[in-house]
Amino acid sequence: MKKVVSLMLALVMVFSLAACGGKDKDANKGKETTAAAGSEETKKEEGSASGDAETIKIGLCQPFTGPNAVAGEYSRYGVDLAVEEINNAGGFEVGGKMYKIEIVEEDNEGKPEITNNAYNKLIGQDKVAAIIGPDSSGPLISAGPLATAAKVPAIGTTSSNPDCTTVGGEYVFRACWIDSFQAVVCAKMAQETLKASKVAVLYSNADDYSSGLATNFKKEFEAAGGEVVAFEAYAGADVKDFKAQLTNIQNSGAEVIFLPNQAGELPLQIKQIREMGIEAEIMGEMSWDNPNVPELAGNENVEGCYFISLFAADSTDPVSQAFTKAFREKYNKEPNTQSTMSYDCVQILVDSFKRAGKVDDSAALRDAIQATDINLPSGHLVYDENRDPEKSANVMIYKDGVPTYVSTINP
């Protein structure tokens with residue numbers, strides 16, 4: 001009997017020690033998990049108790065692969081710079097708590113259907129509080145209604161087709177101006193800067209951005225007394241030979257050729273215009289503000305080409321200068337429209353979170369974005385009733401492959 005009792009006592013001691021050891025191990029495991037990544041709950045509890053910043057997830061949906069991958073690359077540059085500045089400063093305060101930003105990236109390849117999948121993942125799986133991007137109009141028109149249905153604010157970077165916000169719904173915004181304003185500016189640039197009375201347009205009928213801007217430009221230029229002598233379409237990014245369209249343009253007597261197309265499609269078009277000896281001047285819109293354009297088309301081929309931009313690196317504005325300096329120091333590159341709009345999006349969201357006073361109320365965040373009134377590297381921004389910004393445009397010219405400021409056109 002004594003042996004049985006002794007054996008039982010021994011077993012009890014073994015299990016007790018094991019249990020104690022298990023608790024210590026679990027406790028250490030919990031500490032290790034929190035230090036590395038941790039569950040959201042643990043991070044929030046420890047953040048509140050210790051005063052450390054909690055984390056807000058923001059989605060970044062851009063074309064990191066495909067023909068417009070350089071836009072995704074420069075968008076990432078702008079977002080990463082903004083997040084680094086904010087997080088290195090300790091984060092930002094909302095409702096008495098400090099928060100830092102975590103970016104969750106999704107590659108949309110520049111395609112509407114993949115953008116839909118990316119938005120669904122960011123909203124349903126990653127639980128982001130807001131989404132930055134995409135850059136193009138077609139993908140945002142497609143995915144915007146998903147953001148509104150889920151009540152997750154989304155801000156397109158350079159998606160300028162008016163349908164982006166009207167179709168997207170009340171939770172969809174943009175950081176750039178809309179095509180109707182861009183068309184007005186481009187028409188003014190053709191007439192006042194280039195002194196043209198006859199213009200030809202080469203555009204993609206497979207791209208909402210390109211076709212929308214081309215149509216609006218034609219309307220504005222003709223309303224101002226100009227003549228669009230050739231209006232030539234091609235069937236999207238897969239087209240590599242534009243000689244048929246350019247022959248029609250060459251025979252039209254156009255003084256200027258307007259190319260409102262995606263940056264990945266421009267170099268071939270510019271080179272073929274030059275190769276055919278067409279003497280008309282060439283002009284474009286904000287997608288021209290892309291390092292791949294002079295790099296792939298050749299500096300000599302873009303020399304003297306005019307385009308409009310939301311940002312000028314040689315601006316004398318103090319906010320712009322500070323951003324340009326920081327960007328150059330971090331990347332040893334020049335900031336462009338895409339990187340600037342993406343940086344602006346982060347600043348718009350942080351400013352809106354602060355004014356909303358809470359991070360878990362999407363309606364309050366939406367209302368705060370709508371009420372934005374802020375100075376950004378691209379200039380002063382306020383939103384109209386359609387969630388479209390009212391911003392100025394910069395007329396730029398390529399000199400030795402470098403975008404150079406010419407003048408400003410206000411709304």
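Could you please give the count of residues in the range 274-290 that are in a helix (DSSP H, G or I) and crowded, with 24+ Cβ neighbours inside 10 Å? Break it down into steps so the answer makes sense when it comes.
Start the filter on the range 274-290 by keeping residues that are in a helix (DSSP H, G or I), which leaves 274-275, 286-288.
In the following step, the residues that additionally are crowded, with 24+ Cβ neighbours inside 10 Å were identified as 286-288.
Number satisfying all stated conditions: 3.
Tell me, which strands (runs of 3 or more DSSP E) wholly within the range 79-187 include 3 or more residues that are at pLDDT 95 or above and closer than 25 Å to ASN386 by Cα?
Passing ranges, in order: 130-132, 154-156, 172-174.
Being crowded, with 24+ Cβ neighbours inside 10 Å and under 18 Å from GLN262 (Cβ atoms) is the filter here; which residues of the range 62-81 pass it? Explain how you work it out, then say what you get.
From the range 62-81, those crowded, with 24+ Cβ neighbours inside 10 Å are 62-63, 68, 71-72, 74-75, 78-79; that's our starting set.
Residues satisfying the conditions are GLN62, PRO63, ASN68, ALA71, GLY72, TYR74, SER75.
Regarding the range 242-259, can at least one residue be identified that is part of a helix (DSSP H, G or I), of a type in the set (D, E, K, R), modelled with pLDDT of 95 or more and touching a helix residue (DSSP H, G or I) at 6+ places or on another chain (Cβ under 7 Å)?
Among the residues of the range 242-259, at least one is part of a helix (DSSP H, G or I), of a type in the set (D, E, K, R), modelled with pLDDT of 95 or more and touching a helix residue (DSSP H, G or I) at 6+ places or on another chain (Cβ under 7 Å), which makes the answer yes.
Taking ASP238 and the conditions (1) assigned to a loop (DSSP other than H, G, I, E, B); (2) touching a strand residue (DSSP E or B) at 6+ places or on another chain (Cβ under 8 Å); (3) without any contact (Cβ under 8 Å) to a residue 24 or more places away in the chain, which numbered condition does it fall short on, given that it satisfies the others?
The number of the failed condition is (2).
When the range 115-156 is examined, which residues are found to be closer than 19 Å to ALA368 by Cα and charged (D, E, K, R)? I'd like the intermediate steps shown before the answer.
Quick first cut of the range 115-156, residues closer than 19 Å to ALA368 by Cα only: 128-133, 144, 147-156.
Hit for the range 115-156 is LYS151, nothing else.
Please work out if ILE58 is in the same structural domain as PRO139 (by TED's automatic domain parsing) and either within 20 Å of ASP126 (Cα to Cα) or at pLDDT below 95 (or both). Walk me through it before giving the result.
Numbers: in the same structural domain as PRO139 (by TED's automatic domain parsing): yes; either within 20 Å of ASP126 (Cα to Cα) or at pLDDT below 95 (or both): yes.
Considered against the rule, which asks whether it is in the same structural domain as PRO139 (by TED's automatic domain parsing) and either within 20 Å of ASP126 (Cα to Cα) or at pLDDT below 95 (or both), ILE58 comes out as yes.
Please specify each residue of the range 243-264 satisfying the condition of being buried (at least 16 other Cβ atoms within 10 Å of the Cβ), in contact with a strand residue (DSSP E or B) (Cβ under 9 Å, 6 or more places away or on another chain) and over 24 Å from SER197 (Cβ atoms).
Within the range 243-264, just GLN262 meets the criteria.
Working only within the range 84-106, note down all residues that are free of Cβ contacts under 8 Å to residues at least 60 places away in the same chain, in contact with a Gly (Cβ under 7 Å, 6 or more places away or on another chain), surrounded by fewer than 19 Cβ atoms within 10 Å (Cβ to Cβ) and not basic (Lys, Arg).
Passing the criteria: MET98, VAL104.
Please determine, by comparing only the residues of the range 189-226 that are among the charged types (D, E, K, R) and buried (at least 18 other Cβ atoms within 10 Å of the Cβ), which one is nearest to ASN410 (Cα to Cα).
Applying the first criterion (among the charged types (D, E, K, R)) to the range 189-226 yields 192, 195, 198, 207-208, 218-220, 222.
Remaining after also requiring buried (at least 18 other Cβ atoms within 10 Å of the Cβ): 207-208, 218, 220.
Numbers: ASP207: 27, ASP208: 25, LYS218: 20, GLU220: 16 Å.
Here the answer is GLU220.
Would it be correct to say that ARG387 is among the charged types (D, E, K, R), touching a residue at least 40 places away in the same chain (Cβ under 8 Å) and at positive phi?
Details: among the charged types (D, E, K, R): yes; touching a residue at least 40 places away in the same chain (Cβ under 8 Å): yes; at positive phi: yes.
Criteria met by ARG387.
Criterion first (assigned to a helix (DSSP H, G or I) and assigned by TED's automatic domain parsing to the domain that holds GLU85) does LYS354 satisfy it?
Working: assigned to a helix (DSSP H, G or I): yes; assigned by TED's automatic domain parsing to the domain that holds GLU85: yes.
Judged against the criteria, LYS354 is a match.
Can you go through LEU259, LEU246, LEU296, LEU310 and tell me which one is in contact with a Cys (Cβ under 6 Å, 6 or more places away or on another chain) and in contact (Cβ under 8 Å) with a residue 12 or more places away in the chain?
Step by step, each of LEU259, LEU246, LEU296, LEU310 is checked, and only LEU310 is in contact with a Cys (Cβ under 6 Å, 6 or more places away or on another chain) and in contact (Cβ under 8 Å) with a residue 12 or more places away in the chain.
Can you report the number of residues in the range 361-373 which are surrounded by fewer than 14 Cβ atoms within 10 Å (Cβ to Cβ) and touching a residue at least 24 places away in the same chain (Cβ under 8 Å)?
Adding up the residues that qualify gives 1.
The values are calculated or read from the model by the stated rules, or taken from the named source; none is laboratory data. What you are looking at is a predicted structure, and each value in this text was computed from that prediction instead of being measured. Every residue, glycine among them, receives a Cβ derived from its backbone with ideal geometry; neighbour counts consider all protein chains shown.
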